[in-house]
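Engineer: Pasting a structure below so you can have a look.
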Amino acid sequence: MAKVRWIAAVILVAAAGQAMAQSWPSKQIEMIIAFPAGSGVDAIGRALASAISQQVGQNIVVLNRDGAAGTLGFGALAAAAPDGHTVAFGPTTPVANAPYLVKGVRYNVESFSYICQVFENVFSIAVGPQSKVKSVQELLTAAKQNPGKLTYGHAGLGTIPHLSMENLSEALKYKFAAVPFRGDAPLVPALLRGEVDFASVGVSTIRPQLSIRPLAIFSDKRHPAYPDVPMVKDLGVTTSVPPGHNGLFAPRGLSANVRKALEDTCSTIVKQNAVLKVMANTGQSVEYLNGADFHAQTVTDYKSKGELIKRLGLGVP
């Protein structure tokens, strides 16, 4: 009899766990964005949060936990309960790049559940409204005449725009003075005020700022928002840094049911007009990958970024 009661209890616990997984979400969801509010990535993340909230019928609170090249936010995500009520949106940079650059990172590429990729953030070389530079050729001429004197802002050590600019510098043998910011959001006002000569900045960030002029695009193809702006490879840069791969993450260890619910939700909301409108306003389009492909791409990216960071001499000892 005792054995029967024990078996019945096990069945009830299993059934309760299954019901809980199937009832996701059962409470408010937190979405971590590991960079400051105000950037293009932040705007798209908030649009996704709103769409997810409407889709699943639960409130979502967006938390900007920026700092330490995004590792503070992703560290918090890795430590969260794997129940689907804490997620993160943003680039893979804190996962694929930051562990090579920031001491004390307590997670790795396998510490997360990869839900989906939403878009690829392409970066640019851009100048503010006060700049007299009209083309990227003029900028490079000025750099040649004043080696190490031209300042450029970027979103932080080891971010895609920083690596992209340092890769260009190495390839073309030009020296620039890099000025790090905590994301694109604080960089844009500095660029507008003329505190840096130019910036390596996301197209998603400069798109609404019509007074910022992109001079070149870090991409292997022309950007649809700026079809007349040359690609960096047109300048003779033969090695390229992939764009920022932005998507939705959760802690490692999600149940199969919760993972599927999150993946299904993501594949649905990226087709919604409200999300597509915000993305279009930031010069972006959906580049969707499912969770498995997003994970595989990040693993590959982690290995290639390690090689690039080592080659550029940027890694921590």
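Only the coordinates and a few stated rules stand behind these numbers; no lab work does. Source: prediction; values computed, not measured. No Cβ is skipped: glycine too gets one built from the backbone with ideal geometry, and neighbour counts run over all protein chains shown.
Engineer: Run the quick spin-label model on Leu72 and Ala256: label points 7 Å from Cα toward the beta carbon, then report their separation in nm to one decimal.
Structural biologist: The two pseudo-label positions are separated by 3.9 nm.
Engineer: Between the stretch 110-132 and the stretch 156-186, how many Å separate their Cα centres?
Structural biologist: Value for the Cα centre distance between the two parts: 13 Å.
Engineer: When all alpha-carbon pairs of the chain are counted, what percent fall beyond 35 Å? It would help to have the intermediate numbers written out before the result.
Structural biologist: Details: 11807 of 50086 pairs.
Tail fraction, whole percent: 24.
Engineer: Separate question: Assign unit charges at the C-beta atoms only (+1 for Lys and Arg, -1 for Asp and Glu), then state the dipole size of the stretch 123-235 relative to its Cα centre in Debye, rounded to the nearest 20.
Structural biologist: Values: 13 positive and 9 negative charges, 33 e Å.
For this selection, approximately 160 debye.
Engineer: Share of antiparallel DSSP beta bridges in the chain, in percent to the nearest 5? Numbers along the way, then the final one.
Structural biologist: Working: 24 of 39 bridges.
Of all bridge pairs located within the chain, approximately 60 percent are antiparallel.
Engineer: Which of rounded, prolate, oblate describes the stretch 18-104, given a ≥ b ≥ c as roots of the alpha-carbon gyration tensor eigenvalues and a/c under 1.5 marking rounded, otherwise prolate only if a/b is larger than b/c?
Structural biologist: oblate
Engineer: Here is a follow-up. Which far-off residues, 5 or more places away or on another chain, put their amide H under 5 Å from the one on Phe176, with H placed in the peptide plane?
Structural biologist: Gly148
Engineer: Pull out a ≥ b ≥ c, the square roots of the eigenvalues of the alpha-carbon gyration tensor of the stretch 123-235, then state rounded if a/c is under 1.5, prolate if not and a/b is larger than b/c, and oblate in the remaining case. Present the calculation step by step, with values, prior to reporting the outcome.
Structural biologist: Values: a/c = 1.22, a/b = 1.06, b/c = 1.16.
The shape class here is rounded.
Engineer: For the stretch 92-184, what value does the Rg/Rh ratio take when both radii are computed over Cα atoms and Rh is the Kirkwood radius, given to two decimals?
Structural biologist: Working: Rg = 16.0 Å, Rh = 15.3 Å.
Ratio value, two decimals: 1.05.
Engineer: Right, next: For the stretch 294-310 and the stretch 40-71, what is the centre-to-centre distance using only Cα atoms, to the nearest Å?
Structural biologist: Centre-to-centre (Cα) distance: 25 Å.
Engineer: Arrange the peptides 191-204, 262-275 so that the one whose residues have, on average, the most other Cβ atoms within 10 Å appears first.
Structural biologist: On the way: 191-204: 22.7, 262-275: 17.1.
Packing order, densest peptide first, comes out as 191-204, 262-275.
Engineer: Can you list residues whose amide H is under 5 Å from Leu215's amide H, if they're 5+ apart or on another chain and H is modeled 1.01 Å from N?
Structural biologist: Ile125, Ala126, Val127
Engineer: If packing is taken as the average number of other Cβ atoms within 10 Å across a peptide's residues, how do 224-234, 245-255 rank, most packed first? The partial results should precede the final answer.
Structural biologist: On the way: 224-234: 15.7, 245-255: 22.1.
So the order, starting with the most tightly packed, is 245-255, 224-234.
Engineer: Considering only Cα-Cα distances, which of the following residue pairs are longer than 23 Å: Lys144/Lys303; Lys103/Lys173; Lys134/Lys233?
Structural biologist: Numbers: Lys144/Lys303 33 Å; Lys103/Lys173 29 Å; Lys134/Lys233 19 Å.
Correct reply: Lys144/Lys303; Lys103/Lys173.
Engineer: Which of the peptides 137-149, 33-45 is most tightly packed, and how do the rest follow, judged by the mean count of other Cβ atoms within 10 Å per residue?
Structural biologist: Highest-to-lowest ranking by the protection proxy: 33-45, 137-149.
Engineer: Show me, for the stretch 216-223, the HN-Hα J-couplings you get by feeding each phi into the Karplus relation (A = 6.51, B = -1.76, C = 1.60, θ = phi - 60°), rounded to Hz, glycine and proline as x.
Structural biologist: 7, 10, 7, 7, 8, 8, 4, 8
Engineer: So how tilted is helix 2-22 from the main axis of the chain? Cα-based, degrees 0 to 90, rounded to 10.
Structural biologist: Rounded to the nearest ten degrees, it is 30.
Engineer: With 10 angstrom as the radius, rank His162, His85 by how many other C-beta atoms surround their C-beta, starting from the fewest. Display every interim value, and only then the final one.
Structural biologist: Numbers: His162 26, His85 19.
Least to most surrounded, the residues fall as His85, His162.
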